[in-house]
Amino acid sequence: MNSYEVTQRNRVRLMPDRGRYDRETVYGIVDEALLCHVGFMDGEQPVVIPTLHARRGDVLYLHGSRGNAMLKHVQAGGPVCVTITLLDGIVFARSAFHHSVNYRSAVLFGRGRLIEGETEKLSALETLTEHVARGRWRDCRLPTARELELTAVIEFRIESASAKVRAGPPRDDEEDYALPFWAGELPQRQQALEPVNDPKLADGIEVPDYVAAWTRQRPA
Ligand SMILES: Cc1cc2nc3c(=O)[nH]c(=O)nc-3n(C[C@H](O)[C@H](O)[C@H](O)COP(=O)(O)OP(=O)(O)OC[C@H]3O[C@@H](n4cnc5c(N)ncnc54)[C@H](O)[C@@H]3O)c2cc1C
């Protein structure tokens, strides 16, 4: 199936024309974003925690210290909601009311499980590392058995998802278009600045291409 089933859980009710349910759109948002926010219930208390993620098919990998409370909750198998946001622009309208933002966001519903096997764990960590910077996994020291032991890796399976997308100029009220206020979009994107060498960097090591050319812009 190329789209997630639309149910009571994932149907975009407000501005439904902005809702998308096809995997291509959802995956595109998930893959472009460096990080996500994981929401879950800690007893009576909702908690939302930012963390890195990486996707393979309908699975997101999350990782962290074995003591990480969020990962403990997710691996316990309770319902989880992961949110991902890409900010594409600030939309300036003539009226305060119609100011907005252009964005692509995804809301993912599902459950997690702890990955135990060493091969599966290493493979998930490779996916996570490559999500951050493609090429890094083969250009660093890989985890020792002890480091693997200290790291919890979670597989979050996407059961249901929605995306929401706003693009384009402001939508002012017809009678406001003649007002003498600037209106338009200030586009935004995540941009890397110049890499900074570690002061302890050994001599003769150049910045690798995958760092120098790092980008998370959407493909043209
Ligand atoms: C960067 C950014 C800034 C925003 N700022 C505002 C703001 O200031 N005020 C405001 O009211 N809204 C804002 N929104 C939109 C906001 O995310 C909600 O879509 C909106 O508030 C409607 O919420 P709701 O609970 O009524 O959604 P409903 O339509 O009732 O939600 C039902 C289901 O639709 C899906 N859904 C809803 N919103 C999203 C979404 N954004 N992405 C993917 N799936 C979604 C989920 O599956 C959800 O369970 C912003 C969105 C982004 C990405």
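The values are calculated or read from the model by the stated rules, or taken from the named source; none is laboratory data. Source: prediction; values computed, not measured. Methodologically, a virtual Cβ is constructed for each residue, glycine included, from the backbone with ideal geometry; neighbour enumeration extends over all protein chains shown. Ligands, DNA and RNA are excluded from the accessible area calculation, which covers all protein heavy atoms including side chains. Shrake-Rupley method; radii C 1.70, N 1.55, O 1.52, S 1.80 Å.
So in the range 99-124, with the set limited to residues that are open to solvent by less than 50 Å² (accessible area, probe 1.4 Å) and basic (Lys, Arg), which one is farthest from Val82 (Cα to Cα)?
Step by step, filter the range 99-124, then rank; the result is Lys121.
Filter the range 36-74 down to residues that are within 23 Å of Val101 (Cβ to Cβ), open to solvent by 20 Å² or more (accessible area, probe 1.4 Å), touching a residue at least 24 places away in the same chain (Cβ under 8 Å) and not β-branched (Val, Ile, Thr), then give me how many there are.
1
With the structure loaded, tell me whether Arg134 is within 21 Å of the chain's Cα centre (by Cα), in contact (Cβ under 8 Å) with a residue 24 or more places away in the chain and away from the ligand (no atom under 16 Å from the Cβ) or whether it fails that test. Before the answer, list the steps.
Working: within 21 Å of the chain's Cα centre (by Cα): yes; in contact (Cβ under 8 Å) with a residue 24 or more places away in the chain: yes; away from the ligand (no atom under 16 Å from the Cβ): yes.
Answer is yes for this residue.
If I ask for residues that are open to solvent by 80 Å² or more (accessible area, probe 1.4 Å) and either within 22 Å of Val30 (Cβ to Cβ) or at pLDDT below 95 (or both), which ones from the range 209-220 would you list?
Quick first cut of the range 209-220, residues open to solvent by 80 Å² or more (accessible area, probe 1.4 Å) only: 209, 217-220.
Result: Gln217, Arg218, Pro219, Ala220.
Which one of Gly67, Gly77, Gly43 is of a type outside the set (S, T, N, Q), on the phi > 0 side of the Ramachandran plot and in contact with a strand residue (DSSP E or B) (Cβ under 9 Å, 6 or more places away or on another chain)? Quick ask: steps written out before the conclusion?
Working: Gly67 fails: on the phi > 0 side of the Ramachandran plot; Gly43 fails: in contact with a strand residue (DSSP E or B) (Cβ under 9 Å, 6 or more places away or on another chain).
Among Gly67, Gly77, Gly43, only Gly77 is of a type outside the set (S, T, N, Q), on the phi > 0 side of the Ramachandran plot and in contact with a strand residue (DSSP E or B) (Cβ under 9 Å, 6 or more places away or on another chain).
Can you tell me which residue within the range 172-191, out of those that are under 26 Å from His131 (Cα atoms) and modelled with pLDDT of 95 or more, is least open to solvent (accessible area, probe 1.4 Å)?
Gln188
Report yes if some residue within the range 61-68 is in contact with a Phe, Trp or Tyr (Cβ under 7 Å, 6 or more places away or on another chain) and within 13 Å of the ligand (Cβ to nearest atom); otherwise report no. Steps first, please.
As a first pass, look at the range 61-68 and keep what is in contact with a Phe, Trp or Tyr (Cβ under 7 Å, 6 or more places away or on another chain): 62.
Now restrict to residues that are within 13 Å of the ligand (Cβ to nearest atom): none.
No, because not a single residue in the range 61-68 is in contact with a Phe, Trp or Tyr (Cβ under 7 Å, 6 or more places away or on another chain) and within 13 Å of the ligand (Cβ to nearest atom).
From (1) under 22 Å from the mean Cα position of the chain (by Cα); (2) not in a loop (DSSP other than H, G, I, E, B), pick out the condition that doesn't hold for Glu185.
(1)
Out of all the residues in the range 78-109, which are away from the ligand (no atom under 12 Å from the Cβ) and part of a strand (DSSP E or B)?
Within the range 78-109, Val80, Phe92 meet the criteria.
Evaluate the following for Glu206: is it open to solvent by 80 Å² or more (accessible area, probe 1.4 Å), more than 16 Å from the ligand (Cβ to nearest atom), in contact with a Leu (Cβ under 7 Å, 6 or more places away or on another chain) and over 30 Å from Gly89 (Cβ atoms)? Let's see the steps before the verdict.
Working: open to solvent by 80 Å² or more (accessible area, probe 1.4 Å): yes; more than 16 Å from the ligand (Cβ to nearest atom): yes; in contact with a Leu (Cβ under 7 Å, 6 or more places away or on another chain): no; over 30 Å from Gly89 (Cβ atoms): yes.
No: the conditions fail for Glu206.
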